[in-house]
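For reference, the structure discussed in these notes is given below.
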Amino acid sequence: MPGNKAVKNVFAGDSYTILLTTDNKVYGTGYNEDGELGFCNWDNVYELTEMVLPAGKIVKNITTSWDTTYYLMTDGTLFGT
């Protein structure tokens with residue numbers, strides 16, 4: 001884990017993984033052919049990489065499906081990749 005951050009929760013899609021840290025940072029790795037990691041590209045990612053989410057938003061919960069990831073923010077807004 002980058003910077004020895006503590007993991008709060010782990011979420012798994014078809015062939016990708018999303019981690020939420022205790023400081024509310026989100027990291028992703030794995031298959032990204034359908035853009036499920038939200039990196040604005042379709043390149044597979046082979047190491048944990050911090051994801052860029054909407055500015056000023058704090059993640060409350062995450063859910064994954066086959067090739068989609070949804071982020072519920074503390075203000076009630078929803079972000080999806």
Original post:
In what order, largest first, do TYR16, TYR70 sit by accessible area if the probe radius is 1.4 Å?
Top reply: TYR70, TYR16
Original post:
Which ³J(HN,Hα) values in Hz, rounded to whole numbers, follow from the phi angles of segment 21-38 under the Karplus curve 6.51 cos²θ - 1.76 cosθ + 1.60, where θ = phi - 60° and Gly and Pro get x?
Top reply: 8, 5, 9, 6, 8, 10, 10, x, 7, x, 5, 9, 4, 9, x, 4, 8, x
Subject >> Leading residue at positive end of dipole, the chain (Cβ point charges), from ASN44, TYR16, LEU78 >> reply: LEU78
**OP:** Can you tell me how much longer the chain between THR63 and TRP42 gets when fully stretched, taken as 0.36 nm per residue apart minus their C-alpha distance, in nm with one decimal?
**Re:** 5.6 nm
Subject >> Debye log10 I(q)/I(0) for the chain, one point scatterer per Cα, at q = 0.15, 0.16, 0.21 Å⁻¹ >> reply: -0.46, -0.52, -0.93
**OP:** Quote the charge dipole size of the chain about the Cα centre in Debye, to the nearest 20; the model charges only the Cβ of Lys and Arg (+1) and of Asp and Glu (-1).
**Re:** 460 debye
Original post:
How would VAL10, VAL45 line up by accessible area, probe 1.4 Å, largest first?
Top reply: VAL10, VAL45
**OP:** Read phi for every residue in segment 42-53 and hand back ³J(HN,Hα) as whole Hz from Karplus 6.51 cos²θ - 1.76 cosθ + 1.60, θ = phi - 60°, with x for Gly and Pro.
**Re:** 10, 8, 5, 10, 9, 8, 4, 10, 5, 8, 9, 10
Subject >> Surface accessible to a 1.4 Å probe, per residue, for the residues of the chain, Å² >> reply: 59 Å²
**OP:** Please list, in chain and number order, the residues 5+ apart from GLY13 or on another chain whose amide H is under 5 Å from its amide H, with Hs placed from the backbone.
**Re:** ILE18
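The values are calculated or read from the model by the stated rules, or taken from the named source; none is laboratory data. Note that the structure is a prediction, hence the values are computed from the model and not measured. A quick note on method: Cβ atoms are made from the backbone with ideal geometry, for glycine too, and the neighbour counts reach across all protein chains shown. Side chains included, ligands, DNA and RNA excluded: accessible areas come from the protein's heavy atoms. Shrake-Rupley method; radii C 1.70, N 1.55, O 1.52, S 1.80 Å.
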